[in-house]
Each structure stands twice: as C-alpha cells, then as structure tokens.
Amino acid sequence: TELSRIRNFSIVAHIDHGKSTLADRLIQLTGTVAERDMKAQMLDAMDIERERGITIKANSVRIEYPAQDGHTYILNLIDTPGHVDFAYEVSRSMQAVEGSLLVVDATQGVEAQTLANVYQAIDADHEIVPVLNKIDLPAAEPERVKEQIEDVIGIEAHNAVLISAKTGLGIPDVLEAIVQRLPAPKGERDAPLKAMLVDSWYDSYLGVVVLIRVMDGVIRKGDTIRMMKTAATYKLDTLAVLKPQMVQIDALGPGEIGVFTASIKQVRDTRVGDTITHEKKQTPKALPGFKPSVPVVFCGLFPVDANDFDDLRDAMEKLALNDASFSFEMETSAALGFGFRCGFLGLLHLEVIRDRLEREYDLDLITTAPSVVYDVHMKSGEVEQLHNPADMPDLTLVDHIEEPRIKATILVPDEYLGDVLKLCQERRGIQLDLTYAGPRAMVVYDLPLNEVVFDFYDRLKSVTKGYASFDYQIIGYREDNLVKMSVLVNDEPVDALSMMVHRDRAELRGRAMVEKLKELIPRHMFKIPIQAAIGGKVIARETLSALRKDVTAKCYGGDASRKRKLLDKQKAGKKKMRQFGKVEIPQEAFISALKMD
Ligand code: GDP
Ligand code: MG
C-alpha cells in the first residue's frame, strides 16, 4: 500500500469515556465486520476487561475506508492499554502510530487518565484530534470541555469532533478527520527491514502471536527474522492483518501494521519495544528507547485450601504465558503455608491477575499486604532489593533504605479538595502543584508508593464519594526512615503480617493491627499477648484474656439441628486453623487482618 493512503492511530481516553464504543462504531460503519458478527466491545477480548471496562492488552484492527476524496485508505487502530500500570506498553504502542484521537466524555471533561495518556501521545509527537463523546446526553457541555482541553492540556480544541459513539452521530466526521488531519506514515521500502514489536499474546492454536509495525523495508511470509534485543531468530509461519480476526497476507511494507506467528513458545521470548529485522540483511540501527518492564509491586498469593496449591501453580503458569510482566516464585509462610511471591507492574495489574485466578480458575486466595521494592543499602556498600519484608536483613548491617516515590495527579471537585489534601499529607506527600480547571482542582503530589499500595485508592474514593480521578507514575527512589514492623502472637513472630512502615507511622499501624487481631483470634485457655515490634522493641500491645471454662457450656443447649450446625462449623473451622506455638489462629483471621480498611 502507498504510504499516503495509510493512517495509523490510537485512541486515548479516561476509563468509561467511550473508547471501546467508538472503536466498535468505526469497525461497524466501515463494514470491517459483518453486521451479524458485531458484538459490543469488539476489541476488549477478556471478560474482566469487559466487566471493568478496561483494556489491558493492546489490540489492533485494520479498517478500509473509502474517503470523500475518492481514495480508499487503510486505517490501523492500535487500542492501547488504558491504565498507568501499563505505561511502558502504552508508550510503545504510541511510537507505532502517528496520531491519536483524544476522546473526552462531554459530560465529565478531562480526567487524570486523559492527562496521563495524552501526554504520552504528545511525547510521541502525535497529531491529536480531540473528540467529544456522549453529546446525546443532556448534561453534555461541549463548549466548556473544549475550553478545558485547551486550558489544561494545552492543545487546540475549537475544531473538536462532536459525537455520540452510542447513537453513531458524528462517526463519519471522525473517519474524515483521521484521513484529513492525521499524517501519513513515513518509511523506506528499499531499506533493510526495521519493525517494532508492539505487543504479543499467546493463542492456544497458534502459539505466540506478535503484533508489529513496519518502519522500513518489507516483511514476507517465510522470512527468517531476528529480534535484536534477544538475538533470537525465527522463521515466519504466518503473516496476517487483524480485521480484527486474522486475515493472511503475503507482505507488509513501511507504515503497515500486522501480526505474525513463528513457532515462538512463550510471550516471555518477545520483548515489547524490541526491533525486528531480517537475519540476512540487518538494519544497522535498532529502534531507540527499549526498556524491559519490571515489576514494582509484590505480594504473596496463598491458596485458602492447601490442596489447591498445584492448581494455583498451573493457573499462574498459564497466566504468565501471556503476560511477561507477571512474575512468581514459590514462598512458604508459617502462617499461610505454601504459596507464591508474585510481582506486578502495579496495583491494577495485581488486581486483574488475582481476579482472573479466582474467577477463571475458581481458586480461593489469600493476598498478603502489597509491598513495593525497597533498595536496602548495606553498610558494606552493597545494595539489596527487598521484595518481601520477611527478608529484611539485620538492622545493624543496614546503612539506609530507599523507597520508590511517585508523582500522583488527582482531579477532584472543589468541595472535596480539603479532604484530598489531608489524605495526601497523612501519607507523607509533598505537594508539587495545585491548579483549577473550572469547578475542579488538579493536585499533583510526590508520594511514597508504599503509602499508595496500602489502601490509598480506596480512601481517595471514599473521601471524594467516587468523584476523584487518580493517576501516577514512578519518579525514582529516595531515602526515608523506614523500618520493618513484626507482629508477635504469644511471643511467636507471624511472618505473613510483617510489613515495612515509616518510623513515624509505625505506632499507628501497629496499634491498629494488634487491636484487629485481638478481635480476630479466638480465646484460648491461657492469656495471649499480641504485639507489634520494631527490632526488639514493642510499639503496641494487646492482651487476649484467657477463656473461662464455662463459656461454651451454654452453647450446647437448644435443639439438635442447631447443635449439629455448630459442630459442622467447628469442623470446617478446624481445617483452616494454623498453629503458632501453642496458639491456634483461624485462617480467616489472617484474611481479615490483611484486608486493608
Ligand atoms: P471505555 O472505558 O473508554 O472503553 O468506555 P466504553 O466504550 O466502554 O463506554 C463506557 C460507557 O459509556 C458504556 O456504558 C457505554 O455504553 C457508554 N457510552 C459510550 N459512548 C456513549 C455515548 O456517546 N453516549 C452515551 N449516552 N453513552 C455512551
Ligand atoms: Mg474499553
């Protein structure tokens, strides 16, 4: 295809502003998919994505559009992941296209994720077409939102396209805007092959499918290619374009987007951002900016029922096939038994994986408190990366500890601003910026990631009644006064409950934890001290008093069925008891203690 007849673009939007619905309309109006095969949210493949309305993996579709100028154009839409946890994937897919549609809900205006994603598009030098969606709703205020886009984002918005992705109003204008306002791709057909690995996923029939954007040269079916970062070579089995189902094609030239399969075993062998070239005639220069994505949030996942351990491992292996950024290794905990220490790109990634394990694989899981990766600087000069508070080295050997910090952007209606500022201050935040965009404020804070993985998002939602939007990016590591807090039950340390905390917040956290445990641990025939400690020093303490012998006696009156129920319940409970020295703690207590509220 001639370069001037190609347009490659992505859609950036805050969650729920209508990205998927618009993609559906574009596919539908151009007859890319036959009417009888249309289903809502064509590009959102996974169930969880559909339910939560988020797109995790980038997807792509090739649309043929006969424009008003009489020519037929090939429009390639790359659907980028909608969440900041996948920022690196977003930035790669942005590099693969020349323009973006900026979709903003005309009843809501610009939100935190709109900003994060549009800045990525601006960084990638995109031409940006603002699209105001949901103008069928009476609450739509397109004029106000246009102004907001100009004020807050700083791009031209007077010629924004007004649409209703729901009713189809304005969709032809979007197609024309893509052709007229977005630039055609550039590239040299005669140069050695240079293509970007944009995404990859595992298909049970085809193996690993690799999505690429050709920059220079031509890739053909049967070619032997080389991935420049991994130095692996493969022979192409199939080459195809996505409509959105795979349609085989003989060759892809500069500016084109498509997929190939090449008997690649696992997604891990394909690095997003890698450069693909020919084995024989290699490009002299790889694409710039490659960086592998690394997990930043870790937690333990344990089966509630120890018999599910093997199933859990199988399920994780399956998920990891399709997700190179999810990592796990076996872990044993005295409290929770056998399980896994897992690494994620962020909190949403964690939630998505956990949800999939529970729903798709029907597993009951205990999640330990999420922890970030700390850099522990030893007196010896070495730096250890701490993924699990249980592995914290002896304090006398430690010089200092550094923790990851984030830049958080929060958009919130004025009336809740005070509460948001208070929350950020409490969480050791440093205010970087505070501006107003109409009736809403935009606050930017430098915050420790550790305070954010601990229930920040839930608290933010509750103090703002759900009206705040939040986004973040990691900005680096900084030293702070961090300590490991251990929890002791009857003088025995309970590994699953230890956590890293800031020294100034330790008492507060410690007290909350021991009070909660006092409620959760059943009384025994003896007194049980419950303590939170830093090093050898106890910072909070509660005592669970001994059980008086006659307490259960009165339970055993009443009718037989109630008695049986009670016995059954005790039996079920027994199974899930964990022994700590002389103390039995129900599994349920850990689950509740680790639940953050
Ligand atoms: P995404 O998260 O950006 O992909 O958003 P979706 O496309 O999933 O849309 C979110 C919700 O808004 C869905 O319930 C859609 O039906 C609804 N929606 C999308 N576009 C419109 C529109 O133009 N008008 C109205 N009234 N609702 C819309
Ligand atoms: Mg969507």
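Where a number appears in this text, it was derived from the coordinates with a stated rule and is not lab data. In this text the structure is predicted, and so the values were computed from the model without any measurement. Methodologically, a virtual Cβ is constructed for each residue, glycine included, from the backbone with ideal geometry; neighbour enumeration extends over all protein chains shown.
For the range 443-506, the convex hull drawn through the C-alpha positions has a volume of 130 cubic angstrom per residue. Counting only residues at least eight positions apart within a chain, or on another chain, the aspartates and glutamates with an alpha carbon under 13 Å from that of K465 are D414, E415, D419. For the range 275-391, the orientation-averaged shadow of the C-alpha convex hull comes to 10.9 nm² (one quarter of the hull surface).
Simple spin-label estimate for D455 and A546 gives 3.4 nm between the two label positions (7 Å along the Cα-to-Cβ direction from each Cα). If one takes the longest principal axis of the Cα atoms in the chain, at what angle in degrees, from 0 to 90 and to the nearest 10, does the Cα axis of helix 19-29 lie? The angle comes out at about 30 degrees. Derived from the Cα gyration tensor, the three semi-axes of the equivalent ellipsoid of the range 76-166 are 23, 13, 12 Å, largest first. Sorted ascending by nearby beta carbons within 10 Å, beginning with the fewest, E89, E329 become E329, E89.
Against the main long axis of the alpha-carbon atoms of the chain, helix 417-426 sits at an angle near 60°. Sites listed here are trypsin sites (Lys or Arg not before Pro) in the range 492-529 whose DSSP assignment is loop and whose Cβ has at most 15 other Cβ atoms within 10 Å: R523, K527. Projecting the alpha carbon convex hull of the range 349-441 along each direction and taking the average yields 9.7 nm².
Label reach from S263 (point 7 Å along Cα→C-beta): in the range 202-219, amide nitrogens under 15 Å belong to 206-208. Roughly what angle does helix 112-123 make with the longest principal axis of the chain, taking Cα atoms, 0 to 90 degrees, to the nearest 10? Between the helix axis and the principal axis of the chain, the angle is about 40 degrees. With the highest mean first, a sort of the peptides 67-73, 494-500, 349-355 on other beta-carbon atoms found within 10 angstrom per residue produces 494-500, 349-355, 67-73.
A helix-only calculation puts the chain at -7500 deg cm²/dmol for mean residue ellipticity at 222 nm, using -39500 (n - 2.57) for each DSSP H run of at least four residues, averaged over all residues.
Going by neighbour counts of Cβ atoms within 10 Å, the residues F86, F309 line up, fewest first, as F309, F86. If you wrap the tightest convex hull around every Cα atom of the chain and split its volume per residue, you get 189 Å³.
Oblate is the label for the range 168-240, because the ratio a/c of its alpha-carbon gyration tensor axes (a ≥ b ≥ c) is 1.5 or higher and a/b is not greater than b/c. Cross-link partners for K281 among the aspartates and glutamates, with Cα-Cα distance under 13 Å and sequence neighbours closer than 8 places in the same chain left out: D190, D216, D223.
Taking the fewest neighbouring Cβ atoms within 10 Å as the starting point, the ordered list for L3, L132, L287, L336 is L3, L287, L336, L132.
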